[in-house]
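Participant: Dropping a structure here in structure tokens format, bear with me for questions.
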Amino acid sequence: MEFDRQALSQAIAFRRALHQAPELSGEEARTAETVAARLHGFAPDQLLTGLGGHGVACIFEGAEPGPSLLLRCELDALPIEEISDAPHRSRILGKGHLCGHDGHSAILTLVASALSQRRPARGRVILLFQPAEETGAGAAAVLADPAFAAIRPDMALSLHNLPGLPLGEASLREGPVNCASRGLRITLSGKTAHASMPQDGLSPMAAMTRLMPALAALGPGGALDESFRLVTITHARLGEPAFGIAPGTGEIWATLRTLRDEAMAALIEEAERLVISEADAAGLGHALAYEDIFTHCENHPAAVALLRSALDAEGIAHRPGEPMYPSEDFGRFASVSRSAMFFLGAGLDHPRLHNPDYDFPDDLIAIGARVFLRAVREALG
Ligand SMILES: [Zn+2]
Ligand SMILES: [Zn+2]
């Protein structure tokens with residue numbers, strides 16, 4: 001698969017334009033507008049906006065009936081200040097496209113340009129620009145959107161760039177590829193008092209200092225196998241920043257992580273039991289809430305076979321690779337279709353994802369688009 005030079009240079013320019021104007025998860029209104037305007041130029045058969053928030057779907061129909069294939073990228077950036085001298089660096093203070101979602105979006109616009117020249121022979125291609133990947137909310141919201149029911153795909157594919165893997169090489173495996181994870185927010189409540197008379201109040205301090213290492217001990221991490229469990233304490237707060245008040249409330253944030261959803265259920269149960277027993281023993285009230293919920297990402301053999309065949313046809317070296325410690329909300333698509341995600345190397349020494357000096361390598365735009373377009377042609381002609 002080849003793309004003409006103009007289409008490729010436009011995709012690169014588009015990537016850099018997105019890079020300059022990053023928006024956070026759930027706030028991608030302008031990004032979605034920019035994407036929809038670009039896609040409109042490719043005269044798709046349908047262009048849906050406002051999917052699950054700011055999601056955009058661009059649809060190309062084949063002349064004959066057949067299966068539908070969804071290709072998914074993400075729209076959101078991160079609340080991290082970018083460190084860069086590049087002319088296309090972020091113009092928004094404290095926000096940056098530091099996961100490469102600008103690049104993934106550019107890849108799908110390049111695929112759209114090729115499909116506008118030649119539609120699939122049969123079935124349907126759905127190019128989904130998904131919002132709010134970083135919080136784990138976007139895929140679920142898109143899937144729950146009634147407008148999505150009408151375009152529910154038979155198969156869904158996605159890619160993520162990956163620093164640490166040689167530039168332009170791929171990693172693809174069957175089974176679990178990304179961990180299940182969720183944020184547990186624990187609130188402990190006692191009673192505030194004057195700092196001179198703490199005995200009149202009930203501070204959660206002692207319970208918090210016992211709970212944090214005990215929670216961490218539930219998930220010591222290690223190799224990514226079926227028994228893998230990791231609990232990371234990410235934030236804690238006791239009372240208010242004041243010298244005159246003995247604290248009456250405390251909060252602990254912990255991220256729970258396992259390879260599969262089944263192991264997550266067991267970890268949740270143990271973590272909750274621990275919190276309840278510490279709170280009860282100290283006479284404290286407790287509340288538990290979950291945020292940033294990611295199911296594990298499971299690659300279906302049929303979708304992997306299609307990607308593998310596309311990678312081989314494009315002469316792109318690939319290896320099975322290991323499952324990833326981070327989570328990815330693409331896993332949700334496994335609930336409605338056969339789905340698979342592959343990773344495209346961003347270079348061995350490339351700055352890591354979510355680092356302030358990360359920037360998506362433009363060389364991957366053509367490579368990613370070649371793999372996706374080849375998969376489309378193999379599946380739908
Ligand atoms: Zn990310
Ligand atoms: Zn990402």
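Participant: What accessible area per residue, rounded to a whole number of Å², is obtained for the chain using a probe radius of 1.4 Å?
Facilitator: 41
Participant: With angles folded into 0 to 90 degrees, how steeply does helix 205-218 sit against the dominant principal axis of the chain? Use alpha carbons for both and round to 10.
Facilitator: Relative to the chain, helix 205-218 is tipped by roughly 40 degrees.
Participant: Can you compute the modelled spin-label distance between Asn355 and Ala150, with each label point 7 Å from Cα toward Cβ, in nm?
Facilitator: 4.5
Participant: Working out 0.36 nm times the residue gap between Phe243 and His194, then minus their Cα-Cα distance, what length gain in nm do you get to one decimal?
Facilitator: The Phe243-His194 span can extend by a further 16.7 nm.
Participant: Related question: Just to confirm my numbers, what's the Cα centroid distance between region 96-166 and region 1-77 in Å?
Facilitator: What the calculation gives is 8 Å, centre to centre.
Participant: Let me ask something else. Can you order the peptides 272-280, 329-337 by their average number of other Cβ atoms within 10 Å per residue, highest first?
Facilitator: On the way: 272-280: 16.1, 329-337: 21.7.
Descending packing order for the listed peptides: 329-337, 272-280.
Participant: Given axes a ≥ b ≥ c from the Cα gyration tensor, I'd like to know whether region 325-381 is rounded (a/c under 1.5), prolate (a/b larger than b/c) or oblate. Each step should come with its number before you reach the end.
Facilitator: On the way: a/c = 3.36, a/b = 1.36, b/c = 2.47.
Cα axes put region 325-381 in the oblate bin.
Participant: Under the rule of at least 5 residues apart or a separate chain, name every residue whose amide H is placed under 5 Å from the amide H of Arg319.
Facilitator: For Arg319, whose amide H was placed from the backbone, the distant partners under 5 Å are Ala170, Ser171, Leu172.
Participant: Using 0.36 nm per residue of separation minus the Cα-Cα distance, give me the extension gain between Glu270 and Ser9 in nm, one decimal.
Facilitator: Values: separation 261, 0.36 × 261 = 93.96 nm, distance 5.27 nm.
Length difference between fully extended and current span is 88.7 nm.
Participant: Just the number, please: percent antiparallel of the DSSP beta bridges in the chain, rounded to the nearest 5.
Facilitator: In the chain, approximately 65 percent of DSSP beta bridges are antiparallel ones.
Participant: If you count only protein heavy atoms and use a 1.4 Å probe, how large is the accessible surface of Arg30, to the nearest 10 Å²?
Facilitator: Only protein atoms counted, so the area is about 140 Å².
Participant: I would also like to ask the following. Please state, rounded to one decimal and in Å, the Kirkwood hydrodynamic radius that the chain gives when every pair of distinct Cα atoms enters the mean of 1/r.
Facilitator: Evaluated over the chain, this radius sits at 22.1 Å.
Participant: May I ask you to order 104-114, 50-60 by the average number of other C-beta atoms within 10 Å around their residues, highest value first?
Facilitator: Working: 104-114: 26.2, 50-60: 23.1.
Answer by packing, highest mean first, reads 104-114, 50-60.
Participant: I'd like to know which of Ala282, Leu238, Leu259 lies farthest towards the positive end of the charge dipole of region 234-339, counting +1 on Cβ of Lys and Arg and -1 on Cβ of Asp and Glu.
Facilitator: About the Cα centre, the residue reaching furthest to the positive side is Leu259.
Participant: In degrees from 0 to 90, rounded to the nearest 10, what is the angle of the helix 261-282 Cα long axis to the longest principal axis of the chain?
Facilitator: 20
Participant: I would also like to ask the following. Return the long-range amide H neighbours of Met324 (sequence gap of 5 or more, or a different chain), with a cut-off of under 5 Å between placed amide H atoms.
Facilitator: Amide H to amide H, under 5 Å and 5 or more residues apart or across chains, Met324 pairs with Asn178, Cys179.
Participant: Separate question: On a 0 to 90 degree scale, rounded to 10, what angle separates helix 101-117 from the longest Cα axis of the chain?
Facilitator: The helix 101-117 is inclined about 20 degrees to the chain.
Participant: Same structure again: Give the carbon-plus-sulfur fraction of the accessible surface of the chain in %, rounded to a whole number; probe 1.4 Å, heavy atoms of protein chains only.
Facilitator: Reported share for carbon and sulfur atoms: 55 percent.
Participant: Same structure, new question: Please work out how much length the chain gains when fully extended from Asp363 to Ala121, using 0.36 nm per residue of separation minus the C-alpha to C-alpha distance, in nm with one decimal.
Facilitator: On the way: separation 242, 0.36 × 242 = 87.12 nm, distance 2.89 nm.
Length gained between Asp363 and Ala121: 84.2 nm.
The values are calculated or read from the model by the stated rules, or taken from the named source; none is laboratory data. Keep in mind it's a predicted model, so treat the numbers as computed, not measured. Methodologically, a virtual Cβ is constructed for each residue, glycine included, from the backbone with ideal geometry; neighbour enumeration extends over all protein chains shown. In case anyone asks, the SASA skips ligands and DNA or RNA and just uses the protein heavy atoms, side chains included. Shrake-Rupley method; radii C 1.70, N 1.55, O 1.52, S 1.80 Å.
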